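The values are calculated or read from the model by the stated rules, or taken from the named source; none is laboratory data. What you see is a predicted model; the values in this text were computed from it and never measured. Neighbour counts run over all protein chains shown; Cβ positions are idealised from the backbone, glycine included. Just the protein is used for accessible areas: all its heavy atoms, side chains included, with ligands, DNA and RNA removed. Shrake-Rupley method; radii C 1.70, N 1.55, O 1.52, S 1.80 Å.
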Amino acid sequence: MQLLGAMAPPGGGRNAFSQRVSACFSVVNMTQPNDAQLRRIFSTLINSKLADFSDEVRPLGDPMVVASVEVYRAVCRELLPTPSKSHYLFNTRDLAKMV
């Protein structure tokens, strides 16, 4: 049997994870991608989608991605989770929904 789990750091309604339980798992830590990495990932995706559009629309991919990353970072910075608003959790999946 294989079991895979994911978790975020404690805070905003999330509790700390027991070291006793985490000793039973292999722990892998992935850091949040920086803005340049996010722009490259989402620019590649959106520009491939816009390749079939006219010459007027194609150059709009990169500015759209830059604006989306800026909005995502602002939302993550301003709308922090609290115990009463624990649903304020934003990740790159939310950025992918915008792009």
**Complete:** Computed curve, region 1-68, Cα-only Debye sum without solvent term, log₁₀ I(q)/I(0) at 0.18 Å⁻¹, is -0.78
**Request:** State the extension gain, in nm to one decimal, for the chain segment bounded by Arg77 and Arg14, taking 0.36 nm per residue of separation less the distance between their alpha-carbons.
**Result:** 20.9 nm
**Asked** Taking θ as phi - 60°, what are the ³J(HN,Hα) couplings along region 56-61 by the Karplus curve (6.51, -1.76, 1.60), each to the nearest whole Hz, with x for Gly and Pro?
**Response** 6, 8, 3, x, 7, x
**Request:** With everything on Cα atoms, drop me the angle between helix 35-50 and the longest principal axis of the chain, reported from 0 to 90° to the nearest 10.
**Result:** 50 degrees
**Prompt:** In region 28-99, what is the volume of the convex hull around the alpha carbon atoms, normalised per residue and reported in Å³?
**Reply:** 102 Å³
**Message:** With the crude spin-label approximation of a point 7 Å out along Cα→Cβ, what separation in nm comes out for Thr44 versus Ser86?
**Reply:** 3.6 nm
**Request:** Enumerate the calculated ³J(HN,Hα) couplings along region 2-7 in order (Karplus 6.51 cos²θ - 1.76 cosθ + 1.60, θ = phi - 60°), each rounded to whole Hz, writing x wherever the residue is Gly or Pro.
**Result:** 10, 10, 10, x, 9, 8
**Per residue solvent-accessible surface (Å²) - the chain, probe of 1.4 Å** = 83 Å²
**Complete:** Once normalised by the length of the chain, the mean sequence separation of its alpha carbon contacts under 8 Å that are 6 or more apart gives a contact order in percent of 31 percent
**Message:** Given Cβ point charges of +1 (Lys, Arg) and -1 (Asp, Glu) and nothing else, what value in debye, to the nearest 20, does the dipole of the chain about its Cα centre take?
**Reply:** 500 debye
**Request:** Could you check which residue among Arg73, Arg39, Arg58 shows the biggest mean-square fluctuation in a GNM of the chain with a 10 Å Cα cutoff?
**Result:** Arg58
**Asked** Using r as the Cβ-Cβ distance of Val21 and Leu60, and R0 as 35 Å, what FRET efficiency do you calculate, to the nearest 0.05?
**Response** 0.15
**Asked** By how many nm would the segment from Gln2 to Thr31 grow when fully extended, if each residue of separation counts as 0.36 nm and the alpha-carbon distance is taken off?
**Response** 8.1 nm
**Message:** Explain nothing, just compute: Karplus ³J(HN,Hα) = 6.51 cos²θ - 1.76 cosθ + 1.60, θ = phi - 60°, for every residue of region 68-80 in order, whole Hz, x for Gly and Pro.
**Reply:** 5, 5, 5, 5, 4, 5, 5, 5, 5, 6, 8, 9, 7
**Request:** Just the number, please: carbon plus sulfur as a percent of the accessible area of the chain, 1.4 Å probe, no ligands or DNA/RNA counted.
**Result:** 58 percent
